[in-house]
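These notes are about the structure you will find just below.
The values are calculated or read from the model by the stated rules, or taken from the named source; none is laboratory data. Remember, predicted model here, so these are calculated numbers, not experimental data. We place every Cβ from the backbone using ideal geometry, glycine too, and count neighbours over all the protein chains shown. Quick note on the areas: whole protein, heavy atoms, side chains included, nothing else; ligands and nucleic acids left out. Shrake-Rupley method; radii C 1.70, N 1.55, O 1.52, S 1.80 Å.
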Amino acid sequence: MKNSKPHKIRWSFIIFFTPVALWLFLLIVFPHLELLKMSFTGTDFYGKSGFTLENYGEFFKEPIYWRTFARTALYSIFVTFIVLVISLPVTFYITKIARVKSQGFLTILVLIPFWVSELIRVYGWMILLRESGVINRFLVKLGIFSVPHEMLYNDITMVMGLVYTSMLFMIVPIIGVMESLDDALIEAAYDLGAKKTTIWRKIIIPYVTPGIMSGSIIVFMLVLGSYLTPKLMGGKNALWFTEQIYNSMIIYFNWNQGAAFGFLLLLLSSLIIFVALKVTKQDFKEVVK
Amino acid sequence: MQIALSVKNLTKKFGDFTAVNNISFDVEDGKFFSILGPSGCGKTTLLRMIAGFHKPTSGIIEIRGENVLEVEPNKRPVNLVFQNLALFPMMNVFENIAFGLRRRGEKGPEVDKKVNLMLERVGLPGYGGKQVNQLSGGQKQRIAIARALVLDPTVLLLDEPLGALDAKLREHMKVELKKLQVEVGTTFVYITHDQSEAMVMSDYVAVMNSGHFEQLDTPQNLYSNPASSFVAQFVGNNNKFLVGLKKDESGNFYATTPEGGEFLLSEPFDLEGQNTFEMYVRPEAMIINPKAGKEKINELNADVKAILFDGGNSRLLVVPENSKQELIVALPQNHQFDHIKAKDKIRVGWYPKSAVCFKKSEEKIYEEL
Amino acid sequence: MIRTLPNSKAYTAAYRLFIAVFFIFLFSPLLITMILAFNNSMFPSLPWKGFTLDWFFGRGPDKIGIFHDDSNLRSIFTSIRVAVAVSALSTLVGTMAAFLFEQEDFKFKQVFYFLMLAPLVIPGVILGISILLFTNAVGLFFEDKLGFDMKFLSPGYWLVVFGQFSFITTITTMTISARLKKFDRTLEEAAYNLGANKFEVLRFITLKYLRPSIVGAAAIAFLMSFENFNTTLFLVGSDQTLPINLYLQVRDGSTPVINAIAFLLITFTSIVAVANLYGGNKKDQA
């Protein structure tokens, strides 16, 4: 029964509510309103600031901006998809195929890199892949390459890096759901004559969809908003949109332009998540649990 | 005898819904008092008002003559054994039992002594160091009761504490609980939906239905003289007949069935108004192939549909001639009726005083059991 | 298919191979980074020139180990200061938020709940710049109208703490909420019924029950703060945190001292993570 406590004292509510409200308003709501406001603010010829659409106009006028934007969005979706394709068999192995004894160990093994800073993970790849890197050295020694090749600074490497740094955020939520999938369901489907592909399509994937959705949202967010990996591993002549924001804000010191870019990125991420949730008929609150 | 708990005109409303409707009763010191009713009848709400977790809409609750309505639940001299027991999983058995004592500021050897004494009382000496999750269902039960009893409450409230146990253990705990209550002499107020629990343990039972008491009586009286149709059906088993009533020239009352049966009743009835009644006859009051005696006996012919063998609780499922209604008849296991087979034709009879009759109520009556 | 169902040998072998490749993929960059911390070379690359501990203890002049590298040591110290503050604040507010959303009913609760979750879907970079813009605006306002110079509102230690706090608190709230959700509230009533007052109920029952999740949340918050880059990038002042400092060195090329730092970080985080997992599991069973 609800409201079981007698004489409910409202000050317990006040104690809990005040810090939470301060947090959400001062650090989330107001800053984003300021971001929105700044994105519509510009300085005119005489140095007076006022309302303008110029910051957004700039985005559509300059192909480099919206191309970077589209590139970032498409690559983010692509990376999320790759991550999903790798994560499903891995999580299935850990929860359903590996010996019960080694399950806990494998889970921890997968989780450890998750705790190591992104920077160090990227750094590891740089050591491996660069022209003077470990892999080049081996390949030359084995005679596969005659001279070392630069394997960093291209889109393929960047995608691999993004997959690597975000994969664990897909694996963790899927493991959570997959663990609770009753083996008997798979056995029953098998017993009723289903093939492996059918079992995956009809039983496993529908069951783990909530995990897939939460994983996909987190991975997509991380990739879209990542800065280090594209910056350190990506090609020198094609930017990631976060780099564009950084350049506007910090290098050109054009905060209004940076705010407009930032708001566009926020809009894009909300939109894509919204569409994804609608398409798969999932509820945001359920998904982030 | 002193009155331990007195409830006067207690009402609790949740919005438009009246959960407890103007209930009054007294419980004498040292008695085992049960409130028996189907789920949703308001018995838990009543208990929680006594414990202090709900504030009544109106009415008075007195403990040993003192009104406790303004006393916070943590200061009332009552303790509650929760339905799910609510043993603290983060403490061991000893700390669970000592919890209330420590809140009173008791310390040191005094606490040790009381806790150990209590553990012995409930038959679990030396269990203090165990973790709660190491205990069996029945042991948890006893610890939950010990935890409340150690505070020596004026009234111990028990909220269906046997509900979670399996059938065999529940039978055992019924007896244990009754013995414990007699031994400690504390007043118990016990709520349950299981009529057998209430009957076996209690000095008095209140049968509760949709917010009010239907009857408050000793278990024996509830069984033999139910005050309402609801009690007749809820306490024990009963066969129900839909009947009309008529009175003959000599002043005797008869129940008439649509199939044309006429059964003598032992009491007069008010025949004003609507003439549909419900007549109840208990399976164990039915006599198979009765022999004529001095007393008038009601009889009907019936076909045996099935024999429901259940040891000492075996019964016959019979269908009266020209009827579709099924009746249950107790089948004593004394070899007298061994010849009866399914599809046999038998006679079934009962003494007029075994039947009770009530005006048909519109109320939907609870069906479970 | 699964353990109990028969599989062809080829299928099993192929699956095993895939998993093996996956784990190699997962660990090779970390392992190679750690190994090269001990290479007696000026560059974080092969060839192997022999084992050395110089990148940990070297005093220069060529090889300055991490324990004598002032710039990196200072940034580690800054990161610890930030992480301690973020961890304490976000655990405290996260606990309150968990109580607020699990045990209180109020108007617009749904709206607040969504707001609480929002930082999960706001890119860290955006959080960074919006907090930068907002604190700058507030700082200017105070300076213009009231003549105060609000030092803590310009990029620096407190801004980094606020920025990280803003999204890490969502994580701590969810961690603690998850356990509070499973809390059987009759335990509170039982304690209350046994004579405990509200404060004692909170202290002996509810908080005790929540303790594993609070400790876990604090550890997660610490690690997340310690390695945060995206949000911090826009809020950092002259006191750089370790990830920012490392980034500058990695971008511009550096000695294997970074490998030594990485070695220490990986070891440290693994220990914390494993302890957290084992600790959490054990507590859950109790």
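Values for this structure:
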{"read-out": "Relative contact order of chain A, pairs being alpha-carbon contacts under 8 Å that are 6 or more residues apart, as %", "value": "25 percent"}
{"read-out": "Where C meets B: accessible area buried, both sides, 1.4 Å probe, Å²", "value": "1900 Å²"}
{"read-out": "Relative contact order (percent, whole number), chain B, Cα cutoff 8 Å, 6+ residue spacing", "value": "15 percent"}
{"read-out": "Cα shape, the protein assembly as shown, gyration tensor, a/c 1.5 rule", "value": "prolate"}
{"read-out": "Cα lying deepest toward the dipole's positive end in chain B, options B:Ile297, B:Leu162, B:Phe309, charges on Cβ", "value": "B:Leu162"}
{"read-out": "Pairwise FRET efficiency - C:Val274 versus B:Lys359, Cβ, R0 = 51 Å, nearest 0.05", "value": "0.10"}
{"read-out": "Over chain C: helical MRE at 222 nm, DSSP H runs n ≥ 4 each giving -39500 (n - 2.57), nearest 500", "value": "-23000 deg cm²/dmol"}
{"read-out": "Selection of trypsin sites (Lys or Arg not before Pro), the stretch B:267-315, meeting DSSP coil and at most 16 other Cβ within 10 Å", "value": "B:Lys291, B:Lys294, B:Lys296"}
{"read-out": "Long-range amide H partners of B:Lys305 with built H, under 5 Å", "value": "B:Leu317, B:Val318, B:Val319, B:Lys343"}
{"read-out": "Span from the the stretch B:307-329 Cα centroid across to the the stretch A:128-174 one, whole angstrom", "value": "82 Å"}
{"read-out": "Spin-label proximity, B:Asn301 to the stretch B:342-361 - amide N less than 11 Å from point 7 Å beyond Cα toward beta carbon", "value": "B:345-347"}
{"read-out": "Under 17 Å from the Cα of B:Lys55 - aspartates and glutamates, other chains or at least 8 residues apart", "value": "B:Asp16, B:Glu66, B:Glu70, B:Glu72, C:Glu189"}
{"read-out": "Cα centre as origin, Lys/Arg/Asp/Glu Cβ charges: the protein assembly as shown dipole, Debye", "value": "1920 debye"}
{"read-out": "Proximal charge balance of A:Ala259 [Cβ under 14 Å; K/R count +1, D/E count -1]", "value": "-2"}
{"read-out": "Per-residue SASA entry for B:His172, accessible area with 1.4 Å probe, Å² rounded to 10", "value": "90 Å²"}
{"read-out": "For the protein assembly as shown: accessible area per residue (Å², 1.4 Å)", "value": "46 Å²"}
{"read-out": "HN-Hα J in Hz across the stretch B:242-257 - Karplus 6.51, -1.76, 1.60, θ = phi - 60°, x for Gly and Pro", "value": "8, 9, x, 10, 9, 10, 9, 4, 7, x, 7, 9, 10, 9, 10, 9"}
{"read-out": "Cα centroid of the stretch A:232-278 to Cα centroid of the stretch C:71-120, whole Å", "value": "25 Å"}
{"read-out": "Loop-located chymotrypsin sites (Phe, Trp or Tyr not before Pro) in the stretch C:24-68 whose Cβ has at most 13 other Cβ within 10 Å (DSSP)", "value": "C:Trp48"}
{"read-out": "Value at 222 nm in deg cm²/dmol, rounded to 500, when DSSP H runs of n ≥ 4 in chain B each add -39,500 (n - 2.57)", "value": "-7000 deg cm²/dmol"}
{"read-out": "Computed [θ] at 222 nm, helices only, for chain A once each DSSP H run of length n ≥ 4 contributes -39500 (n - 2.57)", "value": "-21500 deg cm²/dmol"}
{"read-out": "Dipole of the stretch B:1-138, positive end: most advanced residue of B:Phe33, B:Leu101, B:Ile63 [Cβ charges, Cα centre]", "value": "B:Leu101"}
{"read-out": "Under the span-like rule (Cα at least 18 Å along the axis, Kyte-Doolittle mean at least -0.5), DSSP H helices of chain C", "value": "C:9-36, C:70-103, C:124-141, C:157-181, C:207-227, C:257-285"}
{"read-out": "Student exercise, the stretch B:3-233 dipole from Lys, Arg, Asp, Glu Cβ charges, in Debye to nearest 20", "value": "620 debye"}
{"read-out": "Built amide H within the under 5 Å cut-off of B:Lys360, gap 5+", "value": "B:Thr276, B:Phe277, B:Glu278"}
{"read-out": "Amide H partners (placed H, <5 Å) of B:Ile35, local residues excluded", "value": "B:Tyr190, B:Ile191, B:Thr192, B:Ala206"}
{"read-out": "Global geometry of chain A, whether rounded, prolate or oblate, following the gyration tensor of its Cα atoms and the 1.5 cut on a/c", "value": "oblate"}
{"read-out": "Among A:Ala276, A:Ala194, A:Ala238, residue whose mean-square fluctuation peaks in a GNM of chain A (springs only between Cα atoms under 10 Å)", "value": "A:Ala194"}
{"read-out": "Fluctuation leader among B:Asp166, B:Asp270, B:Asp194 - chain B, Gaussian network, Cα springs under 10 angstrom", "value": "B:Asp270"}
{"read-out": "FRET E, pair A:Leu33, C:Glu143, Förster distance 22 Å, beta-carbon r, rounded to 0.05", "value": "0.60"}
{"read-out": "Extension gain from B:Asn221 to B:Leu264, taking 0.36 nm per residue of separation minus the Cα-Cα distance", "value": "13.2 nm"}
{"read-out": "Dipole magnitude of the stretch B:1-100, debye to nearest 20 (Cβ charges: Lys/Arg +1, Asp/Glu -1, about Cα centre)", "value": "240 debye"}
{"read-out": "Most mobile of C:Thr241, C:Thr175, C:Thr267 in a GNM of chain C (Cα contacts under 10 Å)", "value": "C:Thr267"}
{"read-out": "The stretch C:161-175 versus the stretch B:112-186: alpha-carbon centroid distance in Å", "value": "45 Å"}
{"read-out": "Value of relative contact order over chain C, rounded to a whole percent, pairs C-alpha under 8 Å and six or more apart", "value": "29 percent"}
{"read-out": "Global form of chain C, assessed from the alpha-carbon gyration tensor, a/c cut-off 1.5", "value": "oblate"}
{"read-out": "Those lysines that a straight Cα-Cα span of less than 25 Å connects to B:Lys296, excepting residues fewer than 8 apart in one chain", "value": "B:Lys240, B:Lys246, B:Lys247, B:Lys345, B:Lys353, B:Lys359"}
